[in-house]
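First up is the structure itself, then whatever we jot down about it.
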Protein chains: 4
Amino acid sequence: MHSFESDYTAGARVEILRRLNETNLEQLPGYGSDKYCESAKEKIRAACDCPGADIFFMVGGTQTNAVVIDSMLPSYGGVIAAQTGHISDHEAGAIEFTGHKVIALPVYDGKLRAEDVWMYMKDYWQDASHQHFVYPGMVYISYPTEFGTLYTKRELVELASVCRWYNIPLYIDGARLGYGLMSPKCDITLPELAQLCDVFYIGGTKVGALFGEAAVFTKHNMPRYFSTIAKQHGALLAKGRLLGLQFDTLFTDDLYFRISKHAINMAMQIRDAFDARGLQFYLHSPTNLQFLIMENKAVRALQQKIAFHTWGKVDEEHSVARFATSWSTTQEDVDALIDAIKTL
Amino acid sequence: MHSFESDYTAGARVEILRRLNETNLEQLPGYGSDKYCESAKEKIRAACDCPGADIFFMVGGTQTNAVVIDSMLPSYGGVIAAQTGHISDHEAGAIEFTGHKVIALPVYDGKLRAEDVWMYMKDYWQDASHQHFVYPGMVYISYPTEFGTLYTKRELVELASVCRWYNIPLYIDGARLGYGLMSPKCDITLPELAQLCDVFYIGGTKVGALFGEAAVFTKHNMPRYFSTIAKQHGALLAKGRLLGLQFDTLFTDDLYFRISKHAINMAMQIRDAFDARGLQFYLHSPTNLQFLIMENKAVRALQQKIAFHTWGKVDEEHSVARFATSWSTTQEDVDALIDAIKTL
Amino acid sequence: MHSFESDYTAGARVEILRRLNETNLEQLPGYGSDKYCESAKEKIRAACDCPGADIFFMVGGTQTNAVVIDSMLPSYGGVIAAQTGHISDHEAGAIEFTGHKVIALPVYDGKLRAEDVWMYMKDYWQDASHQHFVYPGMVYISYPTEFGTLYTKRELVELASVCRWYNIPLYIDGARLGYGLMSPKCDITLPELAQLCDVFYIGGTKVGALFGEAAVFTKHNMPRYFSTIAKQHGALLAKGRLLGLQFDTLFTDDLYFRISKHAINMAMQIRDAFDARGLQFYLHSPTNLQFLIMENKAVRALQQKIAFHTWGKVDEEHSVARFATSWSTTQEDVDALIDAIKTL
Amino acid sequence: MHSFESDYTAGARVEILRRLNETNLEQLPGYGSDKYCESAKEKIRAACDCPGADIFFMVGGTQTNAVVIDSMLPSYGGVIAAQTGHISDHEAGAIEFTGHKVIALPVYDGKLRAEDVWMYMKDYWQDASHQHFVYPGMVYISYPTEFGTLYTKRELVELASVCRWYNIPLYIDGARLGYGLMSPKCDITLPELAQLCDVFYIGGTKVGALFGEAAVFTKHNMPRYFSTIAKQHGALLAKGRLLGLQFDTLFTDDLYFRISKHAINMAMQIRDAFDARGLQFYLHSPTNLQFLIMENKAVRALQQKIAFHTWGKVDEEHSVARFATSWSTTQEDVDALIDAIKTL
């Protein structure tokens, strides 16, 4: 069946498998000290136009979020996030497990607003008894968000400004970073994004790799003893080469961006077909995740032909349906979905 | 250069890469709910003659140790281990990070003694003020040990008996399990080992896989909500298929055991050559890790030709040298080492 | 100056100091194993009509909340609380420090609604991917609430019913329990409250003691090794006698209830005076905390004569003012406040 | 019965109770911001000749150790202590609960040796793979030790030098500090001790107070947000006045030192009587704890008349008996013990 369930249901781009095969019997040192990790880091630094960046590869998104946030927050600090932020409610309490509160603020189209962060910080500092509260020590956002929406450059500058003002880091979860950067609505470049934040990660798991995320500390600001911290979290891969090789491949010949662009093309076709068919969008997403409001019976009918997930109820008779494209989505998949929609 | 540095310096057995290629574009559900994970679990249950075993795949050894131990200990419990146990001093405090003390007991030839565990448990229970101490709630051993040595069946039965007596689980770290089971000195079968302990893990990272460890709860005793616990630890892989497929391959046609046997054959040749050359063993290991006491200048000379690690000092002029074989060690590697030794 | 700042600004009832003096040189065993702790527990069990209750004394409220919640939740569980619950935002992340998420739900007059808890639990269980979320494993409420309001018996029964249905404990924070039970609006008895919940604590710090809270596990359900858990949290007092003696005194001749009643009488006089003066209440509290909406300049004028705290802004020109009575509030204090109000 | 069980079996010096009575109804701000805390801090600074010291009061010893160590260690760090150090095995894993390993080194007469610390630090730094180990980030000692012994000034200077060399803090647990400083064998002053270490605590619970310990950061080096950290640990007392008042009293007219001196006088009489009677000491303690090797039947006979604890076995027929004096020990207690010994 044609699947639009998520962006991690396939393996990896063929180039990655090819290079795993080619390098398989090379004897390489462990824990990320191999030549492929070095090469990948250099390519990422170049892509970010950020020669001073510290880069560390980890296996998955929740793991990366937990290690980055725990390592950059003081023990008494919490992290501000949107109520629908991935760390707020989709990571099984992995942040709290490390002892830190996720401070959930209201969300608009999947996004956190700078003015809400500003008010929260201001109230904290103006409260004479703030020693009794969790210190708001970091801001977390996702680009694109969990609803496929994008912050504008202006919104990012505002968030970054609040963080600068209060001297706390801005962290961008880029699990689907490529799908954001290749969106027609994206008004920011990767180097600009790297400059605006203090740390972000480039998602591999959902964008062409078997697994792997690259945490980029953009201001030579990776916490000291980071590999010890990662190991303590169970996040230091013995064969770090596997991560290095994958990111080296993704950042060769713009592969990461080309496959992201493909996923966006697929998504835009679907979006236009939904629109032409007069279906109701839950919100307008310019990236690889598309959300519709559908009657439950239409959902069930469509699921006979197409695999996709519902994403909560609207009312007793309607649900939100989510359609995800990815680097592995084919034109046949898209055509099949568009055909199936026509018969709804 | 021929490398005997460790057993995780190469990629994976070719069969694994082949199957990754074959299944790459299949659309599969995430987080270990795919058919390859199911198939791998069935094959492992069969290999362990343990139809009621609960099995969970994770990415690395430190991660597996932390998740298994944290999930099976009560919050007020600690885990007993040998002073040289991997969790005691080679995992960056990953167990303490989860809030549990590692209670280090003396070590003999890399092994923990049942009588020492017995005395510790007895003293704990006879102390009227034991409420002020950490509850010793689990026993951890490695098979083979960090020094390549093996517990005899009798020693394992004794350790298991102490655990039964005090009603605490026995956990066996099998990072190199295959290399233990295929040793000529091994007097226990995998089903027997599974029966004796409460939980163990089958190491893949060091035995033919790209990465991956299979935690086996042998008495249908996997803690509830285990996948939530794993996710909370950052240890739930999105594309669980990668773990399932690798273990499915390793447990097809006895591949795991065949490649382990090969590594042991390589190690025994080396051992015999060392012995014939009159070199001094640090201890006698019947598995893939061989330890010599060497003069520092001999170490430096040999390292011109062969890659290997030293493992601490003996005195100012002598060090312990460790030689590791693995599934990827070739006869040429071994011949080169044997040649090099002759010229020492 | 007459103070209505909080209910912990004075020392203790004179009976407590007298008994500390009388027993001072007795040689007594430590850690709560003395005769005064035993006697206090018996008296509390009698007052709760709960002969099977397990009771444990701790020093302060945040400490008690952290130890009780951490010990009763599974490692993968979070605790549901009102957004304004004390554990949600006034305890510096002490719950998250122990690894657990506080799941904040909307608040109405300081109270959590059973239907909101019900919906949250239902959604959790109906979500096919709930393994990726924090398990909602406990419900926390305060009686009275942080805004001085009281749950009705019916509301408590509803909350308890949801907890029973989903088999999770209901925990009541009774930092100011006496002030709730002695309110004219209270429609529940202490034995009824004890029956409805699984664990609650009787606050001493704010109700007549120098310090101390009595955690009451009402169904013989105190977690095993609780004193080890408490010690691990730094919450096991060496001279437990001090806690036992204070609660023994408070639960002799109904002292706890008599002094609570006094505080309520004082509060009701203030409330009536505010009402007579036509001042605007922020909300209607039937207990020892009274909240007014006041002009900022009126606040400043009144603070020349009376000590009290503001509790957030209403708008740029108005604030919420909080007036707290306690066991130590005198008729002169109240008269001074009433006089001062008249001149506003 | 005359008790030598421990130094926390009585209440408090009468001066403390008197001042609690005198100040009981004063309305004072909470959480340590009252005038008595300020006054006590000034007096402690003067006694330490350390005008720049930051001081924070907490309730008990385990709590103080956990908060101080957790706040001063980086997240990836462990604390070095003697195997018999209080944090190593008598605090229920309270340090590990905060995520940090206690690195236990060998003990001599209850003491940690500078050379052992030096070797451990050196080995850590010289190991090329030290990123995989816990960072040894602090040294913990007790003065006097858990066996009543004292470090000489020279030994303290050596330990402090190793810490300086490796730039890690030296922390002194002074649960019984007064009993150490007033020992005839003490060759160090309180100001000298304060200079040598980075942080220490002055024990109140065992030296005349109802409860309370004063953590002294001697180089204006109290971690930022310390009160938030303390609250997060459940260690911030609402009525901080109780701690301030007790330490203010203890540091008025040298009360702390006078009552400590009394306990030492009592202990020395006992020691001399044991010696005169030809009894065998387990080790030679110049402070308030005296340890004998006694036949089990002699222990049982003596326990008919005198309360004291045994402290482990020597062999099947002999145990170690511990006799503790304190500020509350009377001449009658001592005479009774000496009489009882004579009839052994």
Q | Candidate set from the range D:21-41 (those that are more than 20 Å from C:LEU17 (Cα to Cα) and polar (S, T, N, Q)); member that is farthest from the other protein chains (Cβ to nearest Cβ) | A | D:SER39
Q.
Looking only at residues that are outside any loop (DSSP other than H, G, I, E, B) and among the basic types (Lys, Arg) in the range D:3-20, which one is nearest to the other protein chains (Cβ to nearest Cβ)?
A. D:ARG18
**Q.** Subset of the range B:83-98 (residues that are surrounded by 24 or more Cβ atoms within 10 Å (Cβ to Cβ) and in contact with a Ser or Thr (Cβ under 7 Å, 6 or more places away or on another chain))
**A.** B:GLY85, B:GLU91, B:ALA92, B:ALA94
Q) Which ones in the range D:306-334 are of a type in the set (S, T, N, Q) and either more than 23 Å from D:ASP254 (Cβ to Cβ) or in contact with an Asp or Glu (Cβ under 9 Å, 6 or more places away or on another chain) (or both)? A) D:THR310, D:SER319, D:THR325, D:SER326, D:SER328, D:THR329
Q: Confirm whether A:PHE211 is over 21 Å from A:ALA82 (Cβ atoms), aromatic (Phe, Trp, Tyr) and out of contact with any strand residue (DSSP E or B) (no Cβ under 9 Å at 6 or more places or on another chain).
A: yes
Q: Could you identify the single residue in B:GLY174, B:GLY137, B:GLY180 that is closer than 22 Å to B:ASP89 by Cα, touching a strand residue (DSSP E or B) at 6+ places or on another chain (Cβ under 8 Å) and without any contact (Cβ under 8 Å) to a residue 40 or more places away in the chain?
A: B:GLY174
(Q) Please go through (1) modelled with pLDDT under 95; (2) of a type outside the set (Lys, Arg); (3) within 27 Å of D:ASN288 (Cα to Cα); (4) over 19 Å from the mean Cα position of the chain (by Cα) for D:ALA114 and return the number of the only condition it doesn't satisfy. (A) (1)
Q.
Can you go through D:GLN63, D:GLN27 and tell me which one is in a helix (DSSP H, G or I) and at pLDDT 95 or above?
A. D:GLN63
Q) Which residue, of B:ASP54, B:ASP89, is in the same structural domain as B:TYR151 (by TED's automatic domain parsing) and at pLDDT below 95? A) B:ASP89
Q) Just a yes or no: is a residue in the range C:42-49 at the interface with another protein chain (Cβ under 8 Å from one of its Cβ atoms), free of Cβ contacts under 8 Å to residues at least 60 places away in the same chain and assigned to a helix (DSSP H, G or I)? A) no
**Q.** Test for D:ASN65: is it polar (S, T, N, Q), within 27 Å of D:LYS261 (Cβ to Cβ), assigned by TED's automatic domain parsing to the domain that holds D:TYR120 and in contact (Cβ under 8 Å) with a residue 40 or more places away in the chain
**A.** yes
Q: Sort out for me the helices (runs of 4 or more DSSP H) sitting completely within the range B:82-136 that have 1 or more residues that are more than 22 Å from D:LEU73 (Cα to Cα) and either within 14 Å of chain A (Cβ to nearest Cβ) or aliphatic (A, V, I, L, M) (or both).
A: B:86-89, B:114-126
Q.
Looking only at the range B:318-327, count every residue that is of a type in the set (Ser, Thr, Tyr) and more than 15 Å from B:THR287 (Cα to Cα) and tell me the total.
A. 1
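Answer yes or no as to whether A:TYR179 is among the hydroxyl-bearing types (Ser, Thr, Tyr) and within 14 Å of another protein chain (Cβ to nearest Cβ). Step through it out loud before you land on a result.
Values: among the hydroxyl-bearing types (Ser, Thr, Tyr): yes; within 14 Å of another protein chain (Cβ to nearest Cβ): no.
Here the answer is no, as A:TYR179 does not meet what is asked.
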Q) Restricting attention to the range A:224-243, which residues are within 8 Å of chain B (Cβ to nearest Cβ) and in contact with a Leu (Cβ under 7 Å, 6 or more places away or on another chain)? A) A:LEU237, A:LYS239, A:ARG241, A:LEU242
Q | Condition met for D:LYS101 (surrounded by fewer than 24 Cβ atoms within 10 Å (Cβ to Cβ), touching a residue at least 24 places away in the same chain (Cβ under 8 Å) and farther than 25 Å from D:ARG154 by Cβ) | A | no
Q: Could you check, for the range A:297-315, whether at least one of its residues is touching a Leu at 6+ places or on another chain (Cβ under 8 Å), modelled with pLDDT of 95 or more and not hydrophobic (A, V, I, L, M, F, W, C)?
A: no
Q.
Just to be sure I understand, how many residues within the range A:66-81 are of a type outside the set (Ser, Thr, Tyr) and either modelled with pLDDT under 95 or assigned to a loop (DSSP other than H, G, I, E, B) (or both)?
A. 2
Q) Taking D:GLY203, is it crowded, with 24+ Cβ neighbours inside 10 Å and either within 14 Å of chain C (Cβ to nearest Cβ) or of a type in the set (D, E, K, R) (or both)? A) yes
Q. Looking at C:ASP70, C:ASP7, C:ASP49, C:ASP54, which is the one that is touching a strand residue (DSSP E or B) at 6+ places or on another chain (Cβ under 9 Å), over 25 Å from D:TYR8 (Cβ atoms) and of a type in the set (D, E, K, R)?
A. C:ASP7
Q.
Being over 23 Å from the mean Cα position of the chain (by Cα) and over 13 Å from A:LEU20 (Cα atoms) is the filter here; which residues of the range B:2-18 pass it?
A. B:HIS2
**Q.** All positions within the range D:148-186 that are of a type in the set (A, V, I, L, M) and under 14 Å from the mean Cα position of the chain (by Cα)
**A.** D:LEU150, D:ILE172, D:ALA175, D:LEU177, D:LEU181, D:MET182
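Look through the range C:307-344, keep the residues that are in a strand (DSSP E or B) and polar (S, T, N, Q), and return whichever of them is nearest to C:ASN288 (Cα to Cα).
Going through the qualifying residues, I end up with C:THR310.
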**Q.** Unmet requirement for B:VAL68, which otherwise passes all of (1) of a type outside the set (Phe, Trp, Tyr); (2) within 14 Å of chain A (Cβ to nearest Cβ); (3) more than 18 Å from the chain's Cα centre (by Cα)
**A.** (3)
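The values are calculated or read from the model by the stated rules, or taken from the named source; none is laboratory data. The structure presented is a predicted model; accordingly, all values stated were derived computationally and were not measured. Ideal geometry is used to build each Cβ from the backbone, glycine not excepted, and the neighbour counts take in all protein chains shown.
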